[in-house]
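The values are calculated or read from the model by the stated rules, or taken from the named source; none is laboratory data. All values reported here derive from a predicted model rather than from experimental measurement. Counting neighbours? That spans all protein chains shown, and the Cβs are built from the backbone with ideal geometry, glycine included. Accessible surface is based on the protein model in full, side chains and every heavy atom, while ligands, DNA and RNA are left aside. Shrake-Rupley method; radii C 1.70, N 1.55, O 1.52, S 1.80 Å.
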Amino acid sequence: QVLLVESGGGLVQAGVSLRLSCAASGRTFSSYAVAWFRQAPGKEREFVASIMWTGDRKYYADSVKGRFTISRDNVVNTVWLQMNSLKPGDTAVYYCAARRYDHSYDIEAYGYWGQGTQVTVSS
């Protein structure tokens, strides 16, 4: 029902910015919450940020508050993750995910996933 495609990753130096994009398609996508997760080498996948398409409510992991901003344009079915002041600890594969209705911090709650985009931050 929902297809997600991430883009915008790359190799950058610490302190600079990147903007990731998640292009979505599918019936009634505006009723889905959308989240970004990331998975660093040797670590489990973790929550980064989420947004409610129907209410503009946003949630962030403590590790990225004040540096990352999630946003969306429901007209073109796109979600962005603006990442500022990047740190080497932000290095990971970033995934876009979607679920019906309410926001969740849990990986298991999301039924739709993109393929991921690599972000590498050098010191």
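Which residue, Ile70, Tyr112, Tyr60, has the largest displacement toward the positive end of the dipole of the chain when charges sit on each Cβ (Lys, Arg +1; Asp, Glu -1)? Selected residue: Ile70.
Bridgeable aspartates and glutamates around Lys87 (alpha carbons under 19 Å apart, same-chain partners fewer than 8 residues away excluded): Glu44, Glu46, Asp62.
In the range 1-108, taking the dipole from charged Cβ atoms about the Cα centre, the farthest positive-side position among Leu20, Phe47, Tyr95 is held by Leu20.
Solvent-accessible surface of the chain, averaged per residue with a 1.4 angstrom probe and all protein chains in place: 51 square angstrom. Derived scalar couplings between HN and Hα for the range 102-118 equal 6, 5, 8, 8, 8, 4, 5, 7, 9, x, 10, 9, x, 7, x, 9, 7 Hz in order, rounded to whole Hz, by the Karplus curve 6.51 cos²θ - 1.76 cosθ + 1.60 (θ = phi - 60°), x for Gly and Pro.
Taking 0.36 nm per residue of separation and subtracting the Cα-Cα distance, what length does fully extending Thr69 through Thr120 add?
Working: separation 51, 0.36 × 51 = 18.36 nm, distance 1.83 nm.
Extra length from Thr69 to Thr120 when fully extended: 16.5 nm.
Taking 20 °C and 1.002 mPa s as conditions, the chain diffuses translationally at an estimated 151 µm²/s according to Stokes-Einstein applied to its Kirkwood radius (Cα pairs).
Alpha carbon centre of the range 80-123 versus the range 14-59: separation in Å? Computed from Cα coordinates, the inter-centre distance equals 5 Å. Solvent-accessible area of the chain (1.4 angstrom probe, protein heavy atoms only): carbon and sulfur portion equals 48 percent.
Of the chymotrypsin sites (Phe, Trp or Tyr not before Pro) found in the range 39-123, the ones in coil according to DSSP and having at most 15 other Cβ atoms within 10 Å of their Cβ are Tyr101, Tyr105.
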